[in-house]
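Asker: The structure that follows is given in the form of structure tokens.
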Amino acid sequence: MKAILPFALAAMLFPAELSAATIADGVKADMPALMTLYRDLHANPELSMQEVRSPAKLAAEARKLGFTVTEKVGKTGVVAVMKNGPGPALLLRADMDALPVVEQTGLPFASKVRATARSGVETGVMHACGHDTHMTSWLGTARRLSAMRDQWSGTLVMILQPGEETGEGAKAMLDDGLYTRFPKPDVVLAFHDAAALPAGVIGVTPGYALANVDSVDISVKGVGGHGAYPQTTKDPIVLASRIVTTLQTLVSRENDPANPAVVTVGSFQSGAKHNIISDEAKLQLTVRSYTPEVRKLLLDGIRRIVRGEAIAAGMPEDKMPVVTIRDAEYTPSTFNTEKLSARALELFTANFGADRVMKTPAVMGGEDFSRFWLADKKIESLIFWVGGAPIDKWKAAGGDQAKLPSLHSPFWAPDAEAVISTATEALTLASLDILKKS
Ligand SMILES: [Zn+2]
Ligand SMILES: [Zn+2]
């Protein structure tokens, strides 16, 4: 890490009401152009690792601003670097991918794009996670920081990441030399739009913020036969049902209740007809935790319970269930470092007011932003939330999230203007603080 990071100077006054006013004015003047870009990105969504149009468009804009831009990093990622004197290196990340969802927002610029998902299913494509607001704010921030070059010193590394939804994009960029071919960051920063916060409200979660996400497949073998003669079979549906039930005790009886954990069986498939006992049942699980210790307890526990139940059912050794932990789809938990989280809370509260900034609880969703910190834990790291739920809808629902569309919903239509203006201002403010001139 470089000698003195700016937030170590937290006691110093933020050098400028002046700067904050300049940022807000600059963002306001840029909003019509940013909203035009947003509507264009929203109408032209691209699936994970197939991002072509969005990165090309934004890379061209970053070049115009004076960034040195490299495309196709980690397949379709973009790295835009601006070296501006001595000081720390700051990485700002936006993700680019959309989801295989048929948009139902009814917006005039709603996506009509169709594509073939990896499953082979033809589907609509939609920015249902709001990554279009991330890309737009990324460019808004690049414009502000380029215009305010005389007010900061250091190295800015702005990246556009592919494939967040499939958990592979951050890894792809790191594997392609993000920290070796380009300046290695001292600080990494990003935001995500939030359906659980009213529009324009910022949420910061110090410490663990998002979960370890593991996908697990279990193939439960049986001995098939006629449904009328169960004594001649080993019924995999009964065995798999016992497995599902016993798995519930991992969280309720084995895990420390103070450590959050989730084991969800999301799919249970077996059999084809009333009177046939199948010879296999297939289970698909999502397994979530924050710490490596709880993750290990859950994954080891799943293997043990599956084998134990099969033995109890009298399955022979050559017909033990097969547990597959899908390592390629693993997303590690996201940790917001304490010092940067505290500084961001302080800085955002001073700028936006206490009614627009709050500490938010951790959630069990996953984000591969985690990998930028895990690659070197000396890095300071933060991903914060910017609320997108339109205020009128939020009030009508009495703030009850269950009555409002969530992220990934075909109805998710954030107040994009509030998200983009708030995020651009917050990212610019934090960047100027981190890259403060000494
Ligand atoms: Zn998502
Ligand atoms: Zn997302």
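Rule-based calculations on the coordinates, nothing more; no lab input. All values derive from a computational prediction rather than experimental measurement. No Cβ is skipped: glycine too gets one built from the backbone with ideal geometry, and neighbour counts run over all protein chains shown.
Asker: Charges only on Cβ, +1 for Lys and Arg, -1 for Asp and Glu: so what's the dipole of the stretch 47-204 about the Cα centre, in debye to the nearest 20?
Answerer: Charge dipole, the stretch 47-204, about its Cα centre: 540 debye, nearest 20.
Asker: Ok, one more. Enumerate by residue number the trypsin sites (Lys or Arg not before Pro) in the stretch 46-83 meeting two conditions: DSSP loop (anything except H, G, I, E, B), and at most 14 other Cβ atoms within 10 Å of the site's Cβ.
Answerer: none
Asker: Further question: Pick out which of P414, P257, P321 has the largest mean-square fluctuation in a Gaussian network model of the chain, springs linking Cα atoms closer than 10 Å.
Answerer: Answer for the Gaussian network model of the chain: P257.
Asker: May I ask which of K296/K319; K72/K171; K83/K184 have a Cα-Cα span longer than 23 Å here?
Answerer: Where the Cα-Cα span goes over 23 Å, the pairs concerned are K296/K319.
Asker: If you take every residue apart from S341 with its C-beta less than 13 Å away from the C-beta of S341, what net charge results, scoring Lys and Arg +1 and Asp and Glu -1?
Answerer: Charge balance in the 13 Å sphere: 0.
Asker: If each residue of separation counts as 0.36 nm, what is the full-extension length gain between M148 and Q231 once their alpha-carbon separation is subtracted?
Answerer: That works out to 22.0 nm of additional length.
Asker: Any idea which of V204, T428, W152 is furthest toward the positive side of the dipole for the chain, if Lys and Arg beta-carbons carry +1 and Asp and Glu beta-carbons -1?
Answerer: Value computed over the given set: W152.
Asker: Let me ask something else. Between A396 and A354, what's the calculated FRET efficiency when r is the beta-carbon distance and R0 is 25 Å? Round to 0.05.
Answerer: Efficiency, from the Cβ-Cβ distance: 0.50.
Asker: How much of the DSSP beta bridge set in the chain is antiparallel, as a percent to the nearest 5?
Answerer: So the antiparallel bridges in the chain amount to around 70 percent.
Asker: Return the loop-located GluC sites (Glu not before Pro) in the stretch 129-183 (DSSP other than H, G, I, E, B) with at most 10 other Cβ atoms within 10 Å of their own Cβ; answer none if there are none.
Answerer: Nothing satisfies the criteria.
Asker: For the pair D376 and K403, what calculated FRET efficiency results from E = 1/(1 + (r/R0)^6), where r is the Cβ-Cβ distance and R0 = 60 Å, to the nearest 0.05?
Answerer: With a Förster radius of 60 Å, E is 0.90.
Asker: Still on this model: Span-like helices, the chain: DSSP H, alpha-carbon axial extent 18 Å or more, mean Kyte-Doolittle 0.0 or greater, which ones?
Answerer: 17-43, 236-249, 292-312, 338-352, 416-434
Asker: State, to one decimal in nm, how far the label point of V238 lies from the label point of R303, with both points 7 Å from Cα in the Cβ direction.
Answerer: Those two pseudo-labels are separated by 2.9 nm.
Asker: While we're on this one: Given a Förster distance of 60 Å, report the FRET efficiency between D318 and K339 from their Cβ-Cβ distance, rounded to the nearest 0.05.
Answerer: My answer for the efficiency is 0.65.
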